[in-house]
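Novice: Please see the structure below; I have some questions.
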Amino acid sequence: QVQLVESGGGLVQAGGSLRLSCAVSGRSFRGLGMGWFRQAPGKEREFVAGSWSGGLTSYATSVKGRFTISRENAKNTVYLQMNSLKPEDTAVYYCAADTDARVMLTHDFGSWGQGTQVTVSS
């Protein structure tokens, strides 16, 4: 079973940057599709970014050009670099993983981390 542990959240001013990390354990990292999601108070959880086998990545329109997902296989870690942060980026950010390639389209991941809070002040 895959275990995911996020870190790197915090409080930042608008226009600032943060890098989130997600450490993966429990199975081979290389075959996993990885995703970042977020959930703001009173809102549904939404897809932010995904990293798929073969180096493919995808992003929500709201973060494209500002956020970058990357993975470091040697450390079994996936990152989310967030630049030009806006108050509307405030949310709990979750890391997710799945072996099924269909999650690239469905975003229906099977394994989730506990989340890390990101707060962007105006």
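Novice: Quick one: in the stretch 70-122, which of the residues that are part of a loop (DSSP other than H, G, I, E, B) and hydrophobic (A, V, I, L, M, F, W, C) is nearest to residue 16 (Cα to Cα)?
Specialist: 85
Novice: Could you please find all residues in the stretch 24-41 being hydrophobic (A, V, I, L, M, F, W, C) and under 11 Å from the mean Cα position of the chain (by Cα)?
Specialist: Correct list: 34, 36, 37.
Novice: Let me ask you something else. Specify which of the listed residues (16, 31, 9, 35) is of a type in the set (Gly, Ala, Ser), open to solvent by less than 50 Å² (accessible area, probe 1.4 Å), touching a His at 6+ places or on another chain (Cβ under 8 Å) and on the phi < 0 side of the Ramachandran plot.
Specialist: Result: 35 is the single residue among 16, 31, 9, 35 that is of a type in the set (Gly, Ala, Ser), open to solvent by less than 50 Å² (accessible area, probe 1.4 Å), touching a His at 6+ places or on another chain (Cβ under 8 Å) and on the phi < 0 side of the Ramachandran plot.
Novice: Let me ask something additional. Specify which of the listed residues (65, 115) is at positive phi and in contact with a strand residue (DSSP E or B) (Cβ under 7 Å, 6 or more places away or on another chain).
Specialist: Residue meeting the stated conditions: 115.
Novice: Next up: Among all residue pairs at least 6 apart or on different chains, which show Cβ distances below 6 Å where the first residue, located in the stretch 47-76, is without any contact (Cβ under 8 Å) to a residue 12 or more places away in the chain and the second is surrounded by 16 or more Cβ atoms within 10 Å (Cβ to Cβ)?
Specialist: 59/49
Novice: Could you figure out which of (1) hydroxyl-bearing (Ser, Thr, Tyr); (2) touching a Ser or Thr at 6+ places or on another chain (Cβ under 8 Å); (3) closer than 23 Å to residue 110 by Cα isn't true of residue 17?
Specialist: (3)
Novice: Working only within the stretch 81-100, note down all residues that are open to solvent by less than 10 Å² (accessible area, probe 1.4 Å) and not acidic (Asp, Glu).
Specialist: Within the stretch 81-100, 82, 85, 91, 93, 95, 96, 97 qualify.
Novice: Looking at the stretch 42-55, can you tell me whether even one residue there is surrounded by 15 or more Cβ atoms within 10 Å (Cβ to Cβ), modelled with pLDDT under 95 and either farther than 18 Å from residue 5 by Cβ or more than 10 Å from the chain's Cα centre (by Cα) (or both)?
Specialist: Taking every residue of the stretch 42-55 in turn, at least one turns out to be surrounded by 15 or more Cβ atoms within 10 Å (Cβ to Cβ), modelled with pLDDT under 95 and either farther than 18 Å from residue 5 by Cβ or more than 10 Å from the chain's Cα centre (by Cα) (or both).
Novice: Considering only the stretch 56-68, state which residues are open to solvent by 10 Å² or more (accessible area, probe 1.4 Å) and not in a loop (DSSP other than H, G, I, E, B).
Specialist: The answer is 57, 58, 59, 68.
Novice: Which residue pairs have Cβ atoms closer than 7 Å, lie 6 or more positions apart in sequence or on different chains, and pair a first residue in the stretch 27-42 that is aromatic (Phe, Trp, Tyr) with a second residue that is outside any loop (DSSP other than H, G, I, E, B) and open to solvent by 70 Å² or more (accessible area, probe 1.4 Å)?
Specialist: Pairs that qualify, where the first residue is aromatic (Phe, Trp, Tyr) and the partner is outside any loop (DSSP other than H, G, I, E, B) and open to solvent by 70 Å² or more (accessible area, probe 1.4 Å), are 37/46.
Novice: So in the stretch 101-117, with the set limited to residues that are among the hydroxyl-bearing types (Ser, Thr, Tyr) and surrounded by 12 or more Cβ atoms within 10 Å (Cβ to Cβ), which one is nearest to residue 9 (Cα to Cα)?
Specialist: Within the stretch 101-117, the match that is nearest to residue 9 (Cα to Cα) is 116.
The values are calculated or read from the model by the stated rules, or taken from the named source; none is laboratory data. Computed from a predicted structure; not experimentally measured. Note: ideal-geometry Cβ built from the backbone for every residue, glycine included; neighbour counts use all protein chains shown. Side chains included, ligands, DNA and RNA excluded: accessible areas come from the protein's heavy atoms. Shrake-Rupley method; radii C 1.70, N 1.55, O 1.52, S 1.80 Å.
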